[in-house]
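Report on the following structure.
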Amino acid sequence: MRIGELSARTDTPRRLLRYYEEQRLIVASRSPNGYREYDEPTVDRVLQIRGLLDAGLPTRIIKQILPCLGKPRALYFPDATPEMIATLEHELDRMTTRITCLTHNRDAIGEYLDAVRDGNPPDVLVDAPA
């Protein structure tokens, strides 16, 4: 598929797809006329990259762990240096904190919506612009 179709199927701007390719997160072959051509598994790969970016992982870390995420689990990862493990532990802790915060916010919004739907909105003090 060409870049436009990949963009539409993954809801990812073409500019970001070119950036992912530049960062070697995805690979495109070239047709005789020079157009990028992507295979079907690239759709899932882009969605996986987007999810990891949304979770806050930088592309430099995604690039290191992405090959391991598409393979069956192995008991031995020869590329897992102590620094990489420490980095991933830090990112895991950071994600857990974000998930906790998002869960709290989701629950608060849900409670507010329930109250509004029942006609009993909670008293909310909102700072007015000065």
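Every test in (1) loosely packed, with under 15 Cβ neighbours inside 10 Å; (2) at pLDDT below 90; (3) assigned to a loop (DSSP other than H, G, I, E, B) is passed by P32 save one, and that test is (2). In the condition set (1) closer than 30 Å to T42 by Cα; (2) modelled with pLDDT of 75 or more, C101 is compliant with all but (1). Need pairs with beta-carbon distance below 8 Å; first residue closer than 18 Å to I49 by Cβ and within the range 64-92, second charged (D, E, K, R) and at pLDDT below 85; sequence gap 6+ or separate chains. Note: pairs meeting the criteria are Q64/D79. Of the residues in the range 46-57, not one is under 26 Å from T103 (Cβ atoms), modelled with pLDDT of 95 or more and acidic (D, E).
The values are calculated or read from the model by the stated rules, or taken from the named source; none is laboratory data. These figures come from a predicted structure and were not determined experimentally. Counting neighbours? That spans all protein chains shown, and the Cβs are built from the backbone with ideal geometry, glycine included.
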